[in-house]
Amino acid sequence: MATDELPALVDQLDDVTAELRAVEAQIQELLERQQELLQRKRTLKTKIQRLSEDAATSAEVVEDWSREDFSWSQKVKEELQNSFHLNTFRNLQLETINATMGGKDVFLIMPTGGGKSLCYQLPAVCSTGFTLVICPLVSLMEDQLMVLERLTVSSTSLNAASSKDHVKWVHSEMIDRNSRLKLLYVTPEKIAKSKLFMSRLEKAYQAGRLARIAIDEVHCCSQWGHDFRPDYKTLGILRRQFPNAPLIGLTATATSHVLQDVQKLLCVQRPLRFTASFNRPNLFYQVRNKPSSANDFIEDIVKLINGRYKEQSGIIYCFSQKDSEQVTISLQKLGIRAGTYHANMEARDKSKVHTLWTENKIQVVVATVAFGMGIDKPDVRFVIHHTMSKSMENYYQESGRAGRDDQPADCILYSGFGDIFRISSMVVMENVGQQKLYEMVRYCQDFKSCRRVLIAQHFDEVWDSAQCDRMCDNCRSEKNCEKVDIADYGRDVVKVLRHAEQIDEKLTPLKLIDAWSGKGASKLRVAQVLPPKLPRGELERIITHLLLQQYIREDFSFTAFATISYLKEGPKASALRGEKHPIVLQMRRLGSAATKQGSPSSSRASNYNSQQASPTTTKKSQGKGECKSLFSSPPAKKSRSSSSDTSIVID
């Protein structure tokens, strides 16, 4: 009798165990969601407190600075039309211009392409004397000077390439009361290291010739900023030496924490702060899987350039100078008019590429981040990231160079497993560099959330995904996602790492995947770990998820020539000793209508995409964000997946 009941009891136990695992997965999911909401709550409280303080101390921001009856208003209106050939202001431009004309210190946070430069260029034309503009990059200066030259606004720069005669002329113009010079561009190094320049600046200030100081890309002051420059930290001397010269700091990418740090560093007591929304409604955001073959990758890019972007201007951002040179050569061989731009090029060569691209004599600039801040070509139809950026701030700023004419443009990011560790080995010595990189990786790994929601959260904004108007890959695709427990895979990975530790071996990410898959050196394999029957791309996604969730971690080895990233057990690995501990990963179904990306609902985007191919058109390329293989349970582990439907894939 007892023997007859045993199979039924075992089945009941299996059912109860399966249900418990499902409940554990739900609890884990809710706990993770709780942490997300708590973090969001803290962010919102901080923002509400800051806005309340701003309202209490700077009520004039809302009530006064949008007026058009100031003593300078008529001149501002005339110069807007006569010098800059514009008839209207963009959002927050008038308020910012009035505030700085009124002698106030101002911080302006405005998205790339929002028109920040006009906020100090127009006041410079309307003021007596000149405006000192501090820029982090020579390319930024050159771009603005080219535009100002076409507008016949008197402006110049001083940098390492300036001749002695030019330096002498500029120093003379700075103190000449009859000078027509309106804008003087310098790098922060000029402030930090040139005593001669500072002495001349003091004379200009004493003579009433220094109208104001503009610090472009002001986030570079903060060590918490994504483009921290040590020489920016010295700019606090400007307020001490020139206390009556109003200061305007401009950036597209500073969080509240960064701005607080900047305010202290610049010795600015109570600046007015104008913050525009991060959103650029004309930009389409897309993340693609990076093909493993370099040739396939180049072919994918060339198809885009020759198809959707035929005869249209664009930028391709690369991780390294070597990458940018190799990609340029590959594109040129396939008939694309491309030019390289990076920091180690001769100044004249960089200027030549910049000018040719601005004049549409070359179609694509293949560049490192050296080609960036302040680039003001309006008709850039695409920005392609050959490799993911090292932070969300970098990506937002770089992608924002597309579509400054307010016409639809594409921001395409290619995400590759190996790139995570290439970048990580570069940023490991930076303050919070790795933390910022992992935030970028999470953005790339998220195939469900609206891209704009993800960006907004990073910049302390609240965003309703309905307002995206299907202008990102996730909103357009309407993927049918569900959660699946991958804890057993996590246990296998941790077993491989523990085995390597025991035999005093270090595993790079690629060696870990090989050992887990039963490949590579036999001594690295673990007998109890059966190779998973999954495509390599899905194994990479699992490893990445385990890394982001801290079940595994990076460990670095420094040699004379390189920094090498290895993987080891993470702080949460011990949780996997319990069989009930779940690890939840987003998954979706193939073949449903929800996985197919339809045409955008926006009429503007619809018109644009009716003339050019849809941002995601076929399943042939894995660069389309499609998962090509089924997520199947590994052998001999019955309850590995929470679904028996074999049409589920890792997303």
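Restricting attention to segment 203-219, which residues are touching a strand residue (DSSP E or B) at 6+ places or on another chain (Cβ under 9 Å) and either farther than 20 Å from Val258 by Cβ or not assigned by TED's automatic domain parsing to the domain that holds Lys233 (or both)?
Residues of segment 203-219 that are touching a strand residue (DSSP E or B) at 6+ places or on another chain (Cβ under 9 Å), as a first pass: 204, 209-219.
Scanning segment 203-219 gives Ala204, Arg209, Leu210, Ala211, Arg212.
Scan the helices (runs of 4 or more DSSP H) fully inside segment 409-518 and keep the ones with 1 or more residues being farther than 23 Å from Ile316 by Cα. I'd like the intermediate steps shown before the answer.
Details: elements: 417-427, 433-445, 451-458, 473-477, 487-502, 509-516.
Correct list: 433-445, 451-458, 473-477, 487-502, 509-516.
Here's a check for you: in segment 523-546, which residue that is in a loop (DSSP other than H, G, I, E, B) and of a type in the set (Lys, Arg) is farthest from Glu501 (Cα to Cα)? Even if it seems obvious, please write down each step before you answer.
Step one: list which residues in segment 523-546 are in a loop (DSSP other than H, G, I, E, B), which gives 525-535.
Then keep just the ones that are of a type in the set (Lys, Arg); that gives 525, 533.
On the way: Arg525: 12, Lys533: 25 Å.
Looking at residues that are in a loop (DSSP other than H, G, I, E, B) and of a type in the set (Lys, Arg), I get Lys533.
Can you tell me which condition Ala294 does not meet? The list is (1) more than 27 Å from Asp446 (Cβ to Cβ); (2) free of Cβ contacts under 8 Å to residues at least 60 places away in the same chain, and all the others hold.
Checking Ala294 against (1) more than 27 Å from Asp446 (Cβ to Cβ); (2) free of Cβ contacts under 8 Å to residues at least 60 places away in the same chain, the one that fails is (1).
What single numbered condition from (1) within 30 Å of Glu19 (Cα to Cα); (2) touching a Pro at 6+ places or on another chain (Cβ under 7 Å); (3) of a type outside the set (A, V, I, L, M) fails to hold for Gly518?
Result: Gly518 passes all but (1).
How many residues, within segment 372-399, are modelled with pLDDT under 90 and touching a Lys or Arg at 6+ places or on another chain (Cβ under 8 Å)?
Going through segment 372-399 one residue at a time, the tally reaches 6.
Every residue in segment 284-308 that is of a type outside the set (D, E, K, R) and assigned to a strand (DSSP E or B), please.
Those that are of a type outside the set (D, E, K, R) and assigned to a strand (DSSP E or B): Phe284, Tyr285, Gln286, Val287, Asn289.
The values are calculated or read from the model by the stated rules, or taken from the named source; none is laboratory data. Just so you know, these numbers come straight off a predicted model, no measurement behind them. A quick note on method: Cβ atoms are made from the backbone with ideal geometry, for glycine too, and the neighbour counts reach across all protein chains shown.
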